[in-house]
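The values are calculated or read from the model by the stated rules, or taken from the named source; none is laboratory data. These figures come from a predicted structure and were not determined experimentally. Heads up, the Cβs are rebuilt from the backbone with ideal geometry, glycines too, and the neighbour counts pull from every protein chain shown.
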Amino acid sequence: MQPVVEMLNIRKEFPGILANDNVTITLNHGEVLALLGENGAGKSTLMSVLFGLYQPESGTIKVKGQEVKIPNPNVAGELGIGMVHQHFKLVHNFTVTENIVLGIEPTRGGVLTLKQASEKIRQLSKQYGLDVDPDAKIEDVSVGMQQRVEILKMLYRNSEVLIFDEPTAVLTPQEILELMKIMRNLQAEGKSIIVITHKLKEIKAIADRCTVIRRGKLVGTVSVKDTSQAQMAEMMVGREVSFHVDKGPFNPGATVLQVNNLSVRNNRKLPALKSFTLDVRAGEIVGVAGVEGNGQTEFVEALTGLRPVDSGHILVNGNEITRATVRQRIDAKVAHIPEDRQKRGLVLDYTLAENFVLENHGLEPFSTKGFLNQDAIYAQANRLIEAFDVRSGEGAKSKARGLSGGNQQKAIVGREIDLNPDLLIAVQPTRGLDVGSIEYIHKRLVEQRDAGKAVLLVSLELDEILDLSDRIAVVCRGELVGVVDAKSTDENKIGLMMAGVKTGVAE
Amino acid sequence: MKFLVKKEVLVGLTAVVLGLLAGALFMAVTGNNPFTGYFYLFAGGMMNLERLGNTLAMATPLILTGLSVAFAFRTGLFNIGAAGQALIGGLVATAIGLTVGLPKAILLPLILIAAALGGALWAWLPGILKAKFNVHEVVSTIMMNWIAYWLTYYTIPAFFKGSFETESRLISDAASLKTPFLTELFAGSYINMGLFVSLVAVFLVSIVLNRTVLGYRLKAVGYNRFAAEYAGINVNRHIVASMAIAGALAGLGGATLYVGYASSMQIGILPSIGFDGIAVALLASNSPLGVLGSAVFFGILQSGKGFMNAMTKIPPEIGDTIIATIIYFAATSVLIERWFASFTKRKGGKSRV
């Protein structure tokens, strides 16, 4: 049967970077094709070419055997190609229906008529099992639901080819399962799907074939059924990848972090963390597991001084820091790899060198009597770039904005570890990263533990928690469900606890 | 970094050239010869020492208000209140100049310090409002402009009335930034020691922004206040500090206008240097050296337009129109940048693999 989409020998350059070099992919009718590659491998560029956002330097695109030119997304839409971007394009104070019809609004005599549209959306939603309320406002629905609105946008426009750019990056584990189900429904109804991803587990679960790209070049296309995760990882990274981190012997020392009956409120002034108690000792990694939005963010913000504490106490090395400023906590040897690297972790318009001294620019040797010492700042930047393998266009002078997500994260991890903290708080340290970077950052965290530091790991990825932690604290609705030994537990037990079930907890 | 500076200079110059071309078009459309027009416009700004001196005198307060706006911009704040801050700076300078009798060498520093403090106070308040109550500085600085306006409106006739109801008395020579040395050197023009003040300010602002811990923190707060907060930088204190510094610069600008360029204060006018400062900063891409260049350029246009009008039939408003057009091109500098990018790619892209 004829492929729905063929992209033949696509070449796309940006100044200094060859993003796609002679890449060829084909998408068959009714299949799910995974596009696998590390951050910056050129997956998104290739899909942007197909969606008409970029023009390729050479190569041809065929839709149903016909050679086409796609100068802009409108043409892509006319050809039946739709895309769900990683960051949704929705108007938050509009309803679902209003968002979906945006650009092709049905009117009668110049007046908007949404009733029919709303009915069509309700029907589509039912047909594909999306369960979306057409009259809800975007700001009132969850992230998972917003993604479904994006899917409905494509269906409403009768798209046959659906492109998903990292669709699971923003979803909770439950939402991921539901998305998989939806994608199977779409497939069953005859839609053809391309998923950009670097999560091997999800490829195994949903895709039929997998095309691997590395540094802009095509590595190959394999049948998912006949290929193991390890094989795909190797194709993607170009070397063997170990999924398991080797840890040294478990030798916990003195208690570094003591949290006693900590209560914190969220932005809406409602209790987010309720009488939470937890210890972290030197030389151990304590993982905090929980479904997103169960108080983890508020917990970390309270620990790092970004959010006021309602009641309770936080002690580091026996010293009370409950009401200390962020600065005082940094001075008390608490380092923090933040949840959102672009919002908190980096000043994107600063260079790498400037970002490396975000916390200690006021100290010798980086400044003397209020004047910055560029030589020392650049020397440190070059050292950290080398030590933490941060790759960028112009080294220390590169703007942080221009780095790939993985390299931004490596820079933050490097900076925080280099502060030589007693307590390292790592929040979602590998969110959105490819396996190569994940492996690297995991190694670094375990190194800290083995070097006798206390590490608090907060993550939504259960695999990560189970892999790295010595002890696991499970949080649900802001309460501590229990603390378990990582060796004597598994995904199922933790999963139950994450849902708030306290029975069978082995302390 | 070097490339970046070059690119911004290029964009600024392109905006100027496009603005001048548009001006030529206006002249041609109104039936005048653009070449003679521009000849007299630039001759009017530069043809002899006196006119050159007037151009520099015109540019002096613009350099300071331009710096004020650029400094605030660089730290993420939009100081639209340079007019009010300059007015207060001028009012304080005039008040001291008319009441305190001291030798020039002591009086002038006192006047400048007081004017800077006055301007700083006028911007400090919006800074506090922003830091404590999240009041947007655009709104509060505009309001402060009108408070400054009416305060001057009341104060000048009440305490410092001159020969007219609407004007202050003339300040003494001791209180004026004008000095015989400069006046004679530039053949009796308005040029004054404010020029040195503004040049020192360009130097200091450039140092603070690029080389100091304070500048690093101010810019970090401006670029990303969440990251600054994360790094233990006191965000609120730096917002207030940034506004106060911007206000001090505008206050100095006011002093160089009212006790330098002029010798008395009129009521009922918000000085145009405040809003022109925004244009200067915009054309300069908020770089201190760029502010110097673009303020001098605006100074040439301002002081040359009268001469152009006298020598040809071109109305002086064409000068303002050219300035306005240049600002439009500077404001849409993104387009110019994109144009350059596509140009360099087409030229250099083929050779590079």
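Of A:V309, A:V288, which residue is away from every other protein chain (no Cβ under 14 Å), surrounded by 16 or more Cβ atoms within 10 Å (Cβ to Cβ), touching a helix residue (DSSP H, G or I) at 6+ places or on another chain (Cβ under 8 Å) and assigned to a loop (DSSP other than H, G, I, E, B)?
A:V309
Could you pull out the residue among A:V413, A:V334 that is of a type outside the set (S, T, Y) and either more than 14 Å from chain B (Cβ to nearest Cβ) or surrounded by fewer than 21 Cβ atoms within 10 Å (Cβ to Cβ) (or both)?
A:V413
Output the number of residues of region B:169-185 satisfying the condition of being in contact (Cβ under 8 Å) with a residue 12 or more places away in the chain, among the charged types (D, E, K, R) and outside any loop (DSSP other than H, G, I, E, B).
1
Looking for whichever is touching a helix residue (DSSP H, G or I) at 6+ places or on another chain (Cβ under 6 Å) and of a type outside the set (D, E) here; the options are A:I417, A:I438, A:I465, A:I472. Which one fits?
Just one listed residue meets the conditions, A:I472.
For A:L358, indicate whether it is within 10 Å of chain B (Cβ to nearest Cβ), surrounded by fewer than 20 Cβ atoms within 10 Å (Cβ to Cβ) and in a loop (DSSP other than H, G, I, E, B).
Taking the combined requirement at face value, the residue does not satisfy it.
Return the residues of region A:98-121 that are surrounded by 17 or more Cβ atoms within 10 Å (Cβ to Cβ) and either farther than 15 Å from A:N158 by Cβ or within 28 Å of the chain's Cα centre (by Cα) (or both); say none if nothing qualifies.
Once the filter is applied, which keeps residues that are surrounded by 17 or more Cβ atoms within 10 Å (Cβ to Cβ) and either farther than 15 Å from A:N158 by Cβ or within 28 Å of the chain's Cα centre (by Cα) (or both), region A:98-121 yields A:E98, A:N99, A:I100, A:L114, A:S118.
Being free of Cβ contacts under 8 Å to residues at least 12 places away in the same chain, in a helix (DSSP H, G or I) and not aromatic (F, W, Y) narrows it down to one of A:E386, A:E364, so name that one.
A:E386
Collect the residues in region B:58-79 that are surrounded by fewer than 23 Cβ atoms within 10 Å (Cβ to Cβ) and more than 23 Å from B:V296 (Cβ to Cβ), keeping them in residue-number order.
Listed by number, the residues that qualify are B:G76, B:F78.
Give the number of residues within region A:359-405 that are modelled with pLDDT of 90 or more, hydroxyl-bearing (S, T, Y) and under 20 Å from A:E416 (Cα atoms).
Number satisfying all stated conditions: 3.
In this structure, does A:N492 turn out to be surrounded by fewer than 16 Cβ atoms within 10 Å (Cβ to Cβ) and without any contact (Cβ under 8 Å) to a residue 24 or more places away in the chain?
yes
Looking only at region A:27-54, count every residue that is more than 14 Å from A:E166 (Cβ to Cβ) and free of Cβ contacts under 8 Å to residues at least 24 places away in the same chain and tell me the total.
Going through region A:27-54 one residue at a time, the tally reaches 1.
Can we say A:T304 is within 14 Å of chain B (Cβ to nearest Cβ) and touching a His at 6+ places or on another chain (Cβ under 6 Å)?
yes
Please note which helices (runs of 4 or more DSSP H) are completely contained in region B:190-301 and include at least 2 residues that are away from chain A (no Cβ under 14 Å) and touching a residue at least 12 places away in the same chain (Cβ under 8 Å).
B:194-211, B:235-256, B:273-283
Would you be able to say whether some residue in region A:431-454 is assigned to a strand (DSSP E or B) and more than 13 Å from the chain's Cα centre (by Cα)? So that I can check it myself, show each step before the final result.
Within region A:431-454, the first condition is being assigned to a strand (DSSP E or B), and the residues that meet it are A:454.
Of the ones still in play, those that are also more than 13 Å from the chain's Cα centre (by Cα) are A:454.
Yes; the residues of region A:431-454 include at least one that is assigned to a strand (DSSP E or B) and more than 13 Å from the chain's Cα centre (by Cα).
Among the strands (runs of 3 or more DSSP E) lying completely within region A:3-102, list those that include at least 2 residues that are on the phi < 0 side of the Ramachandran plot, touching a Gly at 6+ places or on another chain (Cβ under 6 Å) and within 14 Å of chain B (Cβ to nearest Cβ).
Because the criterion is at least 2 residues that are on the phi < 0 side of the Ramachandran plot, touching a Gly at 6+ places or on another chain (Cβ under 6 Å) and within 14 Å of chain B (Cβ to nearest Cβ), the strands (runs of 3 or more DSSP E) in region A:3-102 that meet it are A:17-27.
When you look at A:E339, is it loosely packed, with under 15 Cβ neighbours inside 10 Å, more than 7 Å from chain B (Cβ to nearest Cβ) and part of a loop (DSSP other than H, G, I, E, B), yes or no?
Here the answer is no, as A:E339 does not meet what is asked.
If I filter region A:367-398 down to residues being at the interface with chain B (Cβ under 10 Å from one of its Cβ atoms) and either surrounded by fewer than 19 Cβ atoms within 10 Å (Cβ to Cβ) or under 19 Å from A:H336 (Cβ atoms) (or both), which single residue comes out as farthest from the chain's Cα centre (by Cα)?
Step by step, filter region A:367-398, then rank; the result is A:K369.
Give all pairs with beta carbons closer than 9 Å in which a residue from region A:314-331 that is more than 14 Å from chain B (Cβ to nearest Cβ) meets a residue that is of a type in the set (S, T, Y); count only pairs at least 6 apart in sequence or on separate chains.
As it stands, the answer is A:I314/A:T322; A:L315/A:T255; A:L315/A:T322; A:N317/A:T255; A:G318/A:T255, since those pairs meet every condition given.
Return the total of residues in region B:306-323 being within 19 Å of the chain's Cα centre (by Cα) and surrounded by 15 or more Cβ atoms within 10 Å (Cβ to Cβ).
4
If you check A:E416, A:E447, which single one turns out to be in contact with a strand residue (DSSP E or B) (Cβ under 9 Å, 6 or more places away or on another chain), acidic (D, E) and at pLDDT 85 or above?
Criteria check complete, one pass: A:E416.
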